[in-house]
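Below is one structure, written out as structure tokens; the observations come after it.
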Amino acid sequence: RKGIGGAKANLSGTDLSGIDFSGMDLYSSNLSGADLSGANLSGADLEYAILSGANLSGALLENANLSHAKLSGANLSGAGLENTTLYKADLSGADLSGANLSGAFLENSKLSHANLSGADLENANLSYAHLSGALLENAKLYQTDLSSADLSDVNLSGANLSGTDLENAILSGANLSG
């Protein structure tokens, strides 16, 4: 079923699990509440897409462009987001537990109250990101750029912070225990 979608498509609430959208232009598409579990969105253009409340668990999103996308409350648990661009994306309250975000670009993104427990954020750029109240327990943050990020009330217990850039980061109320 390759070929479903296109720029500004309205696929909200649709079952698209396992579909191959790799490299597809889904710019500004409405996929809110859609089931995209296990879907292949590698290299897809999802800039300004609406994915609020969507199920993207186990989806492949490597090298995709999700700049300015709305992913609040989305389920991205176990998703592959390596080298994905999420510049100024809204991931507030999203479930990214166990997701692979290594090398991802999340500068100025909203991740407040998101669940990133066990997520791999190695070499990711989260500078100026808003992570207040996020759960980063046991997250891999090796060589991660968290400069000027808001980490207030964040749970970083058990997280690997080796080589992490925390310059000018806001850490008030953060749990940094081993």
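Observations
- Euclidean distance between Cα centres, segment 6-22 to segment 123-147, Å: 29
- Relative contact order, percent, segment 29-178 [alpha-carbon distance under 8 Å, six or more residues apart]: 13
- Length-normalised contact order of segment 107-178 in % [C-alpha pairs under 8 Å, at least 6 apart]: 28
- Taking amide H positions as modeled 1.01 Å from N, with prolines and chain starts lacking one, the residues under 5 Å from residue 30 and 5 or more places away or on another chain are 9, 10, 11, 50.
- Were the residues from residue 27 through residue 171 laid out at 0.36 nm apart, the gain over their Cα-Cα distance would be 48.3 nm.
- Mean separation of Cα contacts under 8 Å, 6 or more apart, over the residue count of segment 1-96: relative contact order %: 21
- Note, ³J(HN,Hα) from phi for segment 88-98, Karplus 6.51, -1.76, 1.60, rounded to Hz, x at Gly and Pro: 6, 6, 9, 10, 4, x, 6, 9, 10, 4, x
- Accessible area of segment 46-175 divided out per residue, in Å², using a probe of 1.4 angstrom: 37
- Taking the chain as a Gaussian network of alpha-carbon nodes connected by springs under 10 Å, the highest mean-square fluctuation of the residues 97, 52, 17 belongs to 17.
- The count of lysine pairs in the chain that are at least 8 places apart or cross chains, and whose C-alpha atoms lie under 20 Å apart, stands at 6.
The values are calculated or read from the model by the stated rules, or taken from the named source; none is laboratory data. Just so it is clear, the model here is predicted, and its values are computed rather than measured. Accessible surface is based on the protein model in full, side chains and every heavy atom, while ligands, DNA and RNA are left aside. Shrake-Rupley method; radii C 1.70, N 1.55, O 1.52, S 1.80 Å.
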